[in-house]
Amino acid sequence: MLSFPRHGLFMLALLLVSMVSAQETCNNALDDDGDGLIDLNDTTDCACNGLSAGTVPSLIPNPSFEAYDCVPDSVSELACAEAWEQATDATTDYLLNVPGALWDVDIPQPLPDGIGIAGGVINPAYREYLGACLTAPMEAGVEYTLRIRVAAGSAQGDTIDGWDYVDIPPVGAVDITLFGSASCPGWPVIPVSNGDCVVGVGDWAELGAMTYVADGTWLTVTITFVPATDIQAVMIGAPCGTAVPGSFSLTPDNPYYAYFLYDDLTLNETALFDPLIGQSGRLCTNDLVLHVEADSTVTGFQWYLNGVALPGQTDSTLQVSANGLPAGTYQFLASVNDTACTVSELTLFAPQPPTIGAQAAPLSGCAPLAVQFAEAAADSVVSCTWAFGDGDSANVFEPLHVYEDPGTYDVTLAVTLADGCRYDTTYQDLVVVSETPVAAFTANPQPATPDDTEISFTDQSSGGVTAWIWDFDSIPPFTSTDSDPTVTFPAVPGEYPVVLVVTNAAGCTDTLRSSIRVESNGDITLPNVFTPNGDGVNDRFLPLEQYPGNWRLTMLNRWGQQVFATNRVTEGWNGADAPDGIYFWTLEALEGQVNPLRSGYVALLRGR
């Protein structure tokens, strides 16, 4: 609920409309007095003297880790930050973005404040804490608020620099916990590296906690509590007991620690804080809503963006995404009877998209072209979608896609990060697929006869053919690069192989294997008698000349019964166990031959 400072420590005086020397209206997004300053940016005419959340002094010294007396060049050097100590034997780190200091490019940017932050592991069996003595003790019975900016990713030891931060947030919720002690202890090392708890060591006690779910960006964690005793020292880190998710554990598949980053720790009486602006959703997921809890004593609200009023936004809730509002600094001004005010402020940073990298090979070739894609974006990518430009898509990290048709294709890679943010990049003209030619030709005459074996070839290929290679095997001229060669084949019946390879301007090829047929001119003579008596002379009924065509020879006896048939006419008939006598034969052309059906008689005589 919205409240104002007690005991008159801070009078909240608002001059919403200054009428002394100018006519600046402070909630209409106009420069009414022409001084170039609009609304809250006109601090002369639109001053609100309330103490905003961003200016509350912190009882924690060096709350943003900006002051340091040494440069940390390795892990476990939190003591380099002034006023901070290694509170436990599980040691926290001091990360400083200066040359030579412990740092990593994957730490989420921009930092909430300055160049220094602290970092520590939260693991069920290993928990790191940071500790400091307060500049003044917290009083028992008074409500206090600790506001921390927290981000989380993963970290592991690295053989190069000893430490490596990866922007993959841990999976699961954890209670960021505040512990307190009634004395500034001189920081004896508290043993917690085996998963032990700080509670029960000396007078350390838990003061409060707030549930936090990491998404890879900086979020605000607020802990409100009332200490039972005066507190002079605090520790911040993991909760005790089994409250640390098991998903934070190291496993063979996940060799990374759940690693938490801390910055901008403001600790003071709750009464000094203006009502904090809360948020749900995100800019990148287009569902961001800002909200402030307010009590019934407040009579007016107004939202501002970068100091300029958002007309009509006078409710305790601001629909940022629904109104198409951008990143920036949002202020919430609350007034009481137009005489007092308080201003809360929250800066929303524009989402920082990862460097999306699509790898593909090959990038050009002939259809059909198989291209292997791979996603090479940030480590925090949890899923990706490919649009290949030909109407097909895939939802895997390394798809293999086949482009069937020639063309130039744009490829889009969309990635979703662990925080739900989705980004995409389109690669114009990434894949070029060239047309593959189709080899074809005609040959004339076909079939040829021994009397006419000069064959004229005519190319019928398609697909922009620019080069031809003919292969005639053993037939001169053996090869040719003409588009329409003429070749003389032997005057011998048979099948002669021909191969045509065609190439287009893109270098794409196609191969056609065919053959040239030379057939007999149709003259064939079969004997009218054969003597299958085993003397090696005239033992088979055969054509009197070789005939390479496809024929079916059928033998019938005098009663018209089939006694033999074969498609291998050149092997003929050996008579088998047929008796002597007269047999009727037919010779039938097969497979498209134009030769007529032939028939006749033959005498089988074994005794001669």
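The values are calculated or read from the model by the stated rules, or taken from the named source; none is laboratory data. A quick note: this is a predicted structure, and the numbers were derived from the prediction, not measured. Virtual Cβ from ideal backbone geometry, glycine too; neighbours counted across all protein chains shown.
Does Tyr126 satisfy being aromatic (Phe, Trp, Tyr), out of contact with any Asp or Glu (no Cβ under 9 Å at 6 or more places or on another chain) and in the same structural domain as Pro170 (by TED's automatic domain parsing)? Judged against the criteria, Tyr126 is a match.
Conditions (1) within 30 Å of Pro353 (Cα to Cα); (2) part of a loop (DSSP other than H, G, I, E, B); (3) modelled with pLDDT of 90 or more; (4) more than 40 Å from the chain's Cα centre (by Cα), marked per residue:
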| residue | (1), (2), (3), (4) |
| --- | --- |
| Pro170 | yes, yes, no, no |
| Thr177 | no, no, yes, no |
| Gly200 | no, yes, no, yes |
| Ala209 | no, no, yes, no |
| Gln232 | no, no, yes, yes |
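Applying the set (1) in contact (Cβ under 8 Å) with a residue 24 or more places away in the chain; (2) out of contact with any Asp or Glu (no Cβ under 6 Å at 6 or more places or on another chain); (3) hydrophobic (A, V, I, L, M, F, W, C) to Val201 leaves exactly one unmet item: (1).
Can you pull out the residues in region 247-295 that are buried (at least 21 other Cβ atoms within 10 Å of the Cβ) and among the aromatic types (Phe, Trp, Tyr)? Listed by number, the residues that qualify are Phe248, Tyr257, Tyr259, Phe260, Tyr262, Phe273.
Restricting Glu139, Glu143, Glu82 to those that are free of Cβ contacts under 8 Å to residues at least 40 places away in the same chain, surrounded by fewer than 22 Cβ atoms within 10 Å (Cβ to Cβ) and assigned by TED's automatic domain parsing to the domain that holds Gly246 reduces the list to Glu82.
Counting only residues that are crowded, with 16+ Cβ neighbours inside 10 Å and either in contact (Cβ under 8 Å) with a residue 40 or more places away in the chain or more than 18 Å from Thr453 (Cβ to Cβ) (or both), how many does region 483-503 have? First the steps, then the outcome.
Residues of region 483-503 that are crowded, with 16+ Cβ neighbours inside 10 Å, as a first pass: 483, 485, 487, 489, 493, 496, 498-503.
When the remaining residues are screened for being either in contact (Cβ under 8 Å) with a residue 40 or more places away in the chain or more than 18 Å from Thr453 (Cβ to Cβ) (or both), the result is 483, 489, 493, 498-503.
Count: 9.
When you scan region 474-495, how many residues do you find that are modelled with pLDDT of 95 or more and either touching a Lys or Arg at 6+ places or on another chain (Cβ under 7 Å) or assigned to a strand (DSSP E or B) (or both)? So the answer is 5.
Check every one of the strands (runs of 3 or more DSSP E) wholly within region 76-160 and list those with 3 or more residues that are within 30 Å of Pro354 (Cα to Cα).
Numbers: elements: 84-86, 93-96, 116-123, 130-138, 144-156.
By residue number, 93-96, 116-123, 144-156.
Among the residues making up region 504-513, a single one is loosely packed, with under 13 Cβ neighbours inside 10 Å, assigned to a strand (DSSP E or B) and not charged (D, E, K, R): Thr511.
Kindly indicate whether Arg149 is touching a residue at least 60 places away in the same chain (Cβ under 8 Å) and surrounded by fewer than 23 Cβ atoms within 10 Å (Cβ to Cβ). Full working, then the answer.
Numbers: touching a residue at least 60 places away in the same chain (Cβ under 8 Å): yes; surrounded by fewer than 23 Cβ atoms within 10 Å (Cβ to Cβ): yes.
Answer is yes for this residue.
Scanning region 351-387 for residues that are under 17 Å from Thr285 (Cα atoms) and at pLDDT below 80 turns up Pro351, Gln352, Pro353, Pro354, Ser380. Looking across region 234-257, the residues that are modelled with pLDDT of 90 or more and either closer than 25 Å to Cys421 by Cα or not in a loop (DSSP other than H, G, I, E, B) (or both) come down to Val234, Met235, Ile236, Gly237.
Restricting region 219-246 to residues that are under 22 Å from Ala136 (Cα atoms) and hydroxyl-bearing (Ser, Thr, Tyr), the residue that is surrounded by the most Cβ atoms within 10 Å (Cβ to Cβ) is Thr222.
Within region 444-457, is there a residue that is assigned to a strand (DSSP E or B), closer than 22 Å to Arg517 by Cβ and charged (D, E, K, R)? Break it down stepwise before answering.
In the first step, residues of region 444-457 are kept if they are assigned to a strand (DSSP E or B); the result is 444, 448-449, 452, 454-457.
Within this subset, residues satisfying the condition of being closer than 22 Å to Arg517 by Cβ are 444, 448-449, 452, 454-457.
Among the residues that remain, those that are also charged (D, E, K, R) are: 452, 454.
Yes, some residue in region 444-457 is assigned to a strand (DSSP E or B), closer than 22 Å to Arg517 by Cβ and charged (D, E, K, R).
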